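Read the structure below first, then the notes.
The values are calculated or read from the model by the stated rules, or taken from the named source; none is laboratory data. Keep in mind it's a predicted model, so treat the numbers as computed, not measured. In this analysis, Cβ positions are derived from the backbone assuming ideal geometry, glycine residues included, and neighbour counts consider all displayed protein chains. Ligands, DNA and RNA are excluded from the accessible area calculation, which covers all protein heavy atoms including side chains. Shrake-Rupley method; radii C 1.70, N 1.55, O 1.52, S 1.80 Å.
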Amino acid sequence: ALLAARRLTDFRAGLYAAPSYLAEHGDPAAPADLERHRSLRLLGRNGEPLIWTLQRGKETWAGLPPGAATANSPELLIRLAIAGAGIASVPDYFAQPDVRGGRLRRVLPDWSQPAHTAWAVFPGRRLMPAKTRAFLDMLQAAME
């Protein structure tokens, strides 16, 4: 069967930590400073932690700071970060409620991570039920 895909949104990611963690361990001033911090890392499809890649203009830094924890759930990494376990690399979308609530702070805000695209994949477009089309429209609107 033929599959079709629809781009939903681009997820941008950043580094986040609890104000209590940063008060105790200091705010990294540059990506190289991350080597002295505990990282909360997202698990890649290959079973290894994802390398952190940061960009600022034409500058790029890539590395994997010492790990405090690795998980396949951004929500779990955020909970660990709020508890003061380290600096989490997570999509901004997931971190924003806790940033607004003062539970997390953006680390190295001048630096950003490459965006990842979220796709909806479904059986071919022919004869798509109206409910499916409405769901995809709602999902896309909610993610934007």
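Counting only other residues whose beta carbon sits under 11 Å from that of Gly26, what net charge do I get with K and R as +1, D and E as -1?
Here the charged neighbours net out to -2.
To the nearest 20 debye, what charge dipole does the chain have about its Cα centre, counting +1 at the Cβ of each Lys and Arg and -1 at the Cβ of each Asp and Glu?
Numbers: 18 positive and 13 negative charges, 133 e Å.
Roughly 640 debye, rounded to the nearest 20.
Given a 1.4 Å probe and heavy atoms of the protein chains only, how would you sort Glu59, Glu144, largest accessible area at the top?
Highest to lowest solvent-accessible surface, that is Glu144, Glu59.
Thr9's amide H: which non-local residues (gap 5+, or another chain) put their own amide H closer than 5 Å, with H modeled 1.01 Å from N in plane and none for Pro or chain starts?
Hits under the 5 Å cutoff: Ala118.
List the residues, sorted by chain then number, that are 5 or more residues from Gly14 or on another chain and whose placed amide H is less than 5 Å from its amide H.
The answer is Val90, Asp92.
Report in % the part of the accessible area of the chain that belongs to carbon and sulfur, leaving out ligands and nucleic acids; probe 1.4 Å.
55
Kindly report the accessible area of the stretch 30-96 per residue (heavy atoms of protein chains, probe 1.4 Å, no ligands, DNA or RNA), in Å².
Ligands and nucleic acids excluded, the result is 54 Å² per residue.
Please list His116, His25, His37 from largest to smallest accessible area, probe radius 1.4 Å, with all protein chains kept in place.
Output order, biggest surface exposure first: His116, His25, His37.
5 Å is the cut-off here: which amide hydrogens, built 1.01 Å from N in the peptide plane, fall below it relative to Leu108, excluding neighbours closer than 5 in sequence?
For Leu108, whose amide H was placed from the backbone, there are no distant partners under 5 Å.
Starting at the first residue of the stretch 75-87, write each ³J(HN,Hα) from the Karplus equation 6.51 cos²θ - 1.76 cosθ + 1.60 with θ = phi - 60°, in whole Hz, x for Gly and Pro.
3J(HN,Hα) across the stretch 75-87, in whole Hz: 4, 5, 4, 5, 4, 5, 5, 4, 6, x, 7, x, 9.
Sorted by accessible area with a 1.4 angstrom probe, largest first, how do Trp52, Trp61 fall?
Details: Trp52 5, Trp61 45 Å².
From most accessible down to least: Trp61, Trp52.
Identify which of the listed values of Rg and Dmax of the Cα atoms in Å was calculated from the structure shown: (i) 14.4, 54; (ii) 17.6, 58; (iii) 16.0, 49.
Computing Rg and Dmax of the Cα atoms in Å and matching it to (i) 14.4, 54; (ii) 17.6, 58; (iii) 16.0, 49 gives (ii).
Through the Karplus equation 6.51 cos²θ - 1.76 cosθ + 1.60, θ set to phi - 60°, convert the phi angles of the stretch 95-103 into ³J(HN,Hα) values in whole Hz; use x for Gly and Pro.
7, 3, x, 7, 5, 4, x, x, 7
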